[in-house]
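Worksheet: the structure to be examined is printed underneath.
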Amino acid sequence: MGTLLGELYAEQYPKRVRALVLEAVVDHSLGTREFLSTQAATLQDFFDEFVAWCGRTESCALHGSDVRARWADLLDRAERGKLSDNGTALECAPCGCRRIRAGSQVSLEEI
């Protein structure tokens, strides 16, 4: 989303921008629905590639498991506010989850 904002700012205020580094190119001429549809399709393609890679790569932490089912379960638990970090509950809100106790990560066992 930062790329889109950067592009829009540069377009609106070209005299205020000497240089700008963008990590991607976003076609901001698309309408919102088409933009989101394109982004969703791209993300689905990336996820499908990850699932295929994990299925053929033994070093993948999820190798040998149903990655799609585990992802669906993770999303379901997040939606219900039932994620934890090594036994410590995570607070989940519509905008996402955050750790109650700082300085830790959700482990792959949670996934």
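Restricted to region 30-44, and to residues there that are out of contact with any Asp or Glu (no Cβ under 9 Å at 6 or more places or on another chain) and either among the polar types (S, T, N, Q) or farther than 30 Å from A10 by Cα (or both), the residue that is most open to solvent (accessible area, probe 1.4 Å) is T32.
Residues that are open to solvent by less than 70 Å² (accessible area, probe 1.4 Å), out of contact with any Phe, Trp or Tyr (no Cβ under 8 Å at 6 or more places or on another chain), among the hydrophobic types (A, V, I, L, M, F, W, C) and assigned to a helix (DSSP H, G or I) within region 53-92 comprise C54, A69, A72, L74, A78, listed in sequence order.
Of all residues in region 52-70, those that are under 25 Å from L83 (Cα atoms) have Cβ atoms under 8 Å from Cβ atoms of residues that are surrounded by fewer than 13 Cβ atoms within 10 Å (Cβ to Cβ) and hydrophobic (A, V, I, L, M, F, W, C), 6 or more apart or on another chain, in C60/W53; A61/L108; L62/L108. Contact map, region 1-13: residues that are free of Cβ contacts under 8 Å to residues at least 24 places away in the same chain paired with residues that are assigned to a helix (DSSP H, G or I) and open to solvent by 100 Å² or more (accessible area, probe 1.4 Å), Cβ distance under 9 Å, separation 6+ or inter-chain. Pairs shown: Y9/R16; A10/R16.
Just to be sure, is D27 modelled with pLDDT of 85 or more, among the charged types (D, E, K, R) and surrounded by 10 or more Cβ atoms within 10 Å (Cβ to Cβ)? Full working, then the answer.
On the way: modelled with pLDDT of 85 or more: no; among the charged types (D, E, K, R): yes; surrounded by 10 or more Cβ atoms within 10 Å (Cβ to Cβ): yes.
Against the criterion (modelled with pLDDT of 85 or more, among the charged types (D, E, K, R) and surrounded by 10 or more Cβ atoms within 10 Å (Cβ to Cβ)), D27 does not qualify.
Return the residue satisfying two criteria in turn: it lies in region 1-41 and is aliphatic (A, V, I, L, M) and outside any loop (DSSP other than H, G, I, E, B), and of such residues it is farthest from the chain's Cα centre (by Cα). Spell out the reasoning first.
Residues of region 1-41 aliphatic (A, V, I, L, M): 1, 4-5, 8, 10, 17, 19-22, 24-26, 30, 36, 40-41.
Okay, now just the ones that are also outside any loop (DSSP other than H, G, I, E, B), so 4-5, 8, 10, 36, 40-41.
Numbers: L4: 17, L5: 18, L8: 22, A10: 26, L36: 14, A40: 11, A41: 13 Å.
Filtering first and then ranking leaves A10.
The values are calculated or read from the model by the stated rules, or taken from the named source; none is laboratory data. Computed from a predicted model, the values in this text were never measured in an experiment. Ideal geometry is used to build each Cβ from the backbone, glycine not excepted, and the neighbour counts take in all protein chains shown. Surface areas here come from the heavy atoms of the whole protein model, side chains and all, with no ligands, DNA or RNA. Shrake-Rupley method; radii C 1.70, N 1.55, O 1.52, S 1.80 Å.
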